[in-house]
Structures are given as C-alpha cells and as structure tokens.
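**Student:** Before I ask anything, let me first share the structure, which is written out below as structure tokens.
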Number of protein chains: 2
Amino acid sequence: MSPKVSEAHKEQRRADILQAAEKVFAEHGYEKTTMKHIMDEANVSRGGLYLYFSSKEDVFETLLEEDILSYQEKMRKHLQSETNNTSYWHTLLTTLYGNEKHENMAIGPASSTILEFFITGRNDEERRSYGKKRYTLAIQMYIDIIEKGKESGEFSQEAQSDMIARSIVAFTDGVFLDYTIVGNEDVKMNEQIKYFTHYLAFALGVKQT
Amino acid sequence: MSPKVSEAHKEQRRADILQAAEKVFAEHGYEKTTMKHIMDEANVSRGGLYLYFSSKEDVFETLLEEDILSYQEKMRKHLQSETNNTSYWHTLLTTLYGNEKHENMAIGPASSTILEFFITGRNDEERRSYGKKRYTLAIQMYIDIIEKGKESGEFSQEAQSDMIARSIVAFTDGVFLDYTIVGNEDVKMNEQIKYFTHYLAFALGVKQT
DNA sequence: TTGAAAAAAGACACTAGTGTCGTTATAATG
DNA sequence: CATTATAACGACACTAGTGTCTTTTTTCAA
C-alpha cells in the first residue's frame, strides 16, 4: 500500500519493521532469527524488507544503535536531574538495578540477544570493536558517577574509580550471563545483587542505608 | 586403512576425530564450525565421520562431557592432595586462577565456545538443563572448599558459603565474558582478579598474604 | 484522469549446509 | 590365500536460508 510516498511514511514503515524485528529477535535470539521471521512479523514482503535493510546484521545493528542512544539519554538525564544530585550512591544504585521501584537490572530477552550477537561475532573485527565501544562506554559511565561522588565527599578518596567500575561491569555481566543460561530462580539474582551492593558500599566507603 | 578392526582402533579413530574437532571448535566457535571443517581437520570422510557421531551437537557434547570429567578429576585431586590441605585459601586461589605459576584463569577459545554453545542454545530445554548442571556443579565445588575452610577455622564463621560461591562464579563468568568480547588488554583482567581477591579475603575473613 | 515514479511483492536462482546410502577397499580369520 | 564383515568413502538428494530481479500495484502530480 504505497509508492512515491512521503518521507514520513517511509520513516514509519522502517520503524514498524524495526519494532517487529525487535520482537522476533527477542523471541528467537540472533542466530536463529531469519529475514523470513522479520518479514512475517512486520507484514512486509521479501523485496520490501530488502528495500529498507540490506541484511539481518543491518537490521540488528540499527536496533543496537537505537539502544545505545536511549541508554545514553537515560544516563544524561540521571546525572542532570536535581533530585539525584543529592546522592551519587543513589544514582549508582538506580543505574545498576533499574528505577526506584527496586526493579531488577535491565535484563531481558533483548539483552541476551545482544550478548549472543557479540559472542558469536567475537572473531569478526568489526563486531569486536563495536563491542569494545559499548564496554568502554559503560565503564566510563560508572567512572563518572564514582568520580563525582568522590568530589562531593560522598565516597572515599581511596576508592579506585577505574577498578570499581570494571568490577561493577564484570559482576553485572556475570550475573546476567548466568541468568541467561540458567534462569532467575537458580541464580538467586536478587540476593546476589544485595550481596554485591554491600561490597560496593564497602569499596566506596559508604555507610549503607 | 581399516575394516573389521579392533575395538582399540575404533577408540583411537574416535579420539582423533574429537581432537580435531576440539581444534576447529576453538578456531571458529560453535555456530560457525561445520561438519566439513571437522572432516577436513580429522582427515576423515563425511560417511566416516557420521559413523562415529550423528551430528555436530553430538560431537560437541562429547567434548563437553570429557571437559567436565577432567575438571572434576582435577578438583578431586586438589582437595585430596596433602600439600593443599594446609590452606583452603590457597586451594581456592589455585582453583580460581589456575596453577601455582600464577597463570590466568582457565580462559581460552574452548571456554568461549562453551559459552557460545549455552547462550545460543538458551531456548533449548536440553541445553538449558545441561547448563544448569554445570552451574550447580561449579557452585557446589566452591561451597565445599569454603565450608572446609570454615571447619578448619581458616575462614570466618560468618561467611555465607552459598552467596560467596555464587559471587565467585558470577564474577569469573563476567570477567571471562568481557574478555571474550573485548579482549585481555582492555579488560585489565589481572588487575581485576587481584582486586576481586582482596574482596574475597575480606568476605571470608582471611588475612592476605 | 491519467501517466510516471517508485514502493511493494514474490518468484527465482544460488549457496551452504545436512544426513543418507550404495559402493569400494581392507583387516582379521579360517 | 580366500573369504567376509565392515570401516571408510564420496556422490546425492534434500533443506533452509540468502539476495536479486522482474512484475504488479499504488500514490502523487500535472
């Protein structure tokens, strides 16, 4: 239903395809998802789909790009918001574990698929460097928070921002990996997070709430 | 070179195939490896290969089984050896980081491939439960060491074996995952391990060497 | 209203893999 | 040395996916 259409319409179509793709990627994972899956979910023909994206990888990388943008946006807001400025410890916790309602970490099928994408592509130079970019970004984000907390006197001056940031990423990646493979119940995620939080408080020199 | 052969010869052939398979799996990862790769590396024909294994998954699972056996064997020796009985902290460290020569964790292409195998198969019920088995085994192993250390008075009575064991697995999995995706240099693995060791000593109530 | 531009469709050719099966070659045995 | 069971081989048929290309459909504009 549409030739020689407006730019807006094309944008919409593209967005629809991406939304459909996101769904099937979450459902089947990266490797098992095929262009056919996306076509069916998005109600678009083969030819139509290839008009917008040149390959499965193209589709997925577009989603990744969106994901990283929204992530940075969220981060930016977090650090700017005035309510959070009062406690970097609180900022750290919400960044780690989701929002105030004590939600779990941002864990879900999408994240598992991203993991899969980078692991199966670990021998591909391009994917590798993209993975590094994401990793570095995450580390830097935590470093920023910790540094600000040190400046404000909330965290101990002895805290090694870089190593603590890396520990956070390693631990969350690990819990998340175990969760992906083994499932929530068996990993006792919530308890592990609580346990790790104690350690973090210790390492940063914060008295726990 | 062989019909109506001895049982020993067949065992040998099978072992050769497995060795070749191990090599190509390490090189290409699980998904990208094909039966053709294994055939070529093992110098066996298609028909020959299928005489010993019914599928790629069959080959890989056999390797996994071997891996887990040698792992348990190593563990058993560690716990029985008299030299290590004197210090469970030492046992814990060598278990974690490899042997006395301060080698790194048992990290390599094989482990990345195992990771890949479980992640891409996360929606398959059989692989999932196999993954759980491995996870549970690892946790239990650490629990055992910690419990013995508590009995011997080397570790604090307050140490929560289960949660510490899980932390260890989560952290090592995380460092390992990051290493797989991003590479050694960028993850600063050695420093992270050292850092984590401090925490472990703290959690277990051990004075560091 | 009609013609042109291009969006959408889907048939097609191609590729890369799998697992099977009839044939060939050879090691053990009498 | 001849026989025979069977290990090993490799051609084959099949499947599941990809990306392309021609055809059809539809919207916009003159």
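**Student:** Name, by its number, the condition in (1) under 26 Å from residue B:193 (Cβ atoms); (2) more than 16 Å from DNA strand C (Cβ to nearest atom) that does not hold for residue B:19.
**Tutor:** Here residue B:19 clears every test but (1).
**Student:** Considering only the range B:114-164, state which residues are in contact (Cβ under 8 Å) with a residue 40 or more places away in the chain, within 11 Å of another protein chain (Cβ to nearest Cβ) and open to solvent by less than 50 Å² (accessible area, probe 1.4 Å). Can you show your working first?
**Tutor:** Step one: list which residues in the range B:114-164 are in contact (Cβ under 8 Å) with a residue 40 or more places away in the chain, which gives B:114-117, B:120, B:130, B:134, B:137, B:141-142, B:144-146, B:148-149, B:152, B:154-156, B:158-159, B:164.
Of the ones still in play, those that are also within 11 Å of another protein chain (Cβ to nearest Cβ) are B:114-117, B:120, B:130, B:134, B:164.
Selection gives B:114, B:115, B:116, B:117, B:120, B:130, B:164.
**Student:** Identify the single condition in (1) in contact with a helix residue (DSSP H, G or I) (Cβ under 8 Å, 6 or more places away or on another chain); (2) within 12 Å of DNA strand D (Cβ to nearest atom); (3) more than 14 Å from chain B (Cβ to nearest Cβ) that residue A:9 does not satisfy, given that it satisfies every other one.
**Tutor:** (1)
**Student:** Provide a single number: the residues in the range A:12-40 that are among the acidic types (Asp, Glu) and within 13 Å of DNA strand D (Cβ to nearest atom).
**Tutor:** Pass one, the range A:12-40, residues among the acidic types (Asp, Glu): A:16, A:22, A:27, A:31, A:40.
Subset that is within 13 Å of DNA strand D (Cβ to nearest atom): A:31, A:40.
Selection size over the range A:12-40: 2.
**Student:** Turning to a different aspect of this structure: Give the range B:174-202 a look and list any residue that's among the polar types (S, T, N, Q) and facing chain A (nearest Cβ under 7 Å), or say none.
**Tutor:** Of everything in the range B:174-202, those that are among the polar types (S, T, N, Q) and facing chain A (nearest Cβ under 7 Å) turn out to be B:180, B:192.
**Student:** Give the residues of the range A:19-44 that are surrounded by 14 or more Cβ atoms within 10 Å (Cβ to Cβ), in a loop (DSSP other than H, G, I, E, B) and in contact (Cβ under 8 Å) with a residue 12 or more places away in the chain, sorted by residue number. Before the answer, list the steps.
**Tutor:** Step one: of the range A:19-44, the residues surrounded by 14 or more Cβ atoms within 10 Å (Cβ to Cβ) are A:20-33, A:35, A:37-39, A:41-42, A:44.
Filter once more, keeping what is in a loop (DSSP other than H, G, I, E, B): A:29-33, A:44.
The answer is A:29, A:30, A:31, A:33, A:44.
**Student:** Ok, one more. When the range B:45-68 is examined, which residues are found to be surrounded by 12 or more Cβ atoms within 10 Å (Cβ to Cβ) and away from DNA strand C (no atom under 12 Å from the Cβ)?
**Tutor:** B:61, B:62, B:63, B:64, B:66, B:67, B:68
**Student:** Restricting the search to the range A:1-16, which residues are more than 8 Å from DNA strand C (Cβ to nearest atom) and either under 29 Å from residue B:33 (Cβ atoms) or not in a helix (DSSP H, G or I) (or both)?
**Tutor:** A:6
**Student:** I'm checking my understanding of the structure. Among residues of the range B:96-113 that are within 30 Å of residue B:203 (Cα to Cα), open to solvent by 30 Å² or more (accessible area, probe 1.4 Å) and in a helix (DSSP H, G or I), which one is modelled with the highest pLDDT? Before you say what the answer is, go through the steps one by one.
**Tutor:** Step one: list which residues in the range B:96-113 are within 30 Å of residue B:203 (Cα to Cα), which gives B:96-108, B:111-112.
Within this subset, residues satisfying the condition of being open to solvent by 30 Å² or more (accessible area, probe 1.4 Å) are B:97, B:99-104, B:106-107, B:111.
So of that shortlist, the ones also in a helix (DSSP H, G or I) come out as B:97, B:111.
Values: B:97: 77, B:111: 89.
Applying the filter and picking the extreme gives B:111.
The values are calculated or read from the model by the stated rules, or taken from the named source; none is laboratory data. Here the structure is a predicted model, which means the values were calculated and not measured. Neighbour counts are summed over all protein chains in view; Cβ atoms, including those assigned to glycine, are modelled from backbone coordinates with ideal geometry. We work out accessible area using only protein heavy atoms, side chains counted, and drop any ligands, DNA or RNA first. Shrake-Rupley method; radii C 1.70, N 1.55, O 1.52, S 1.80 Å.
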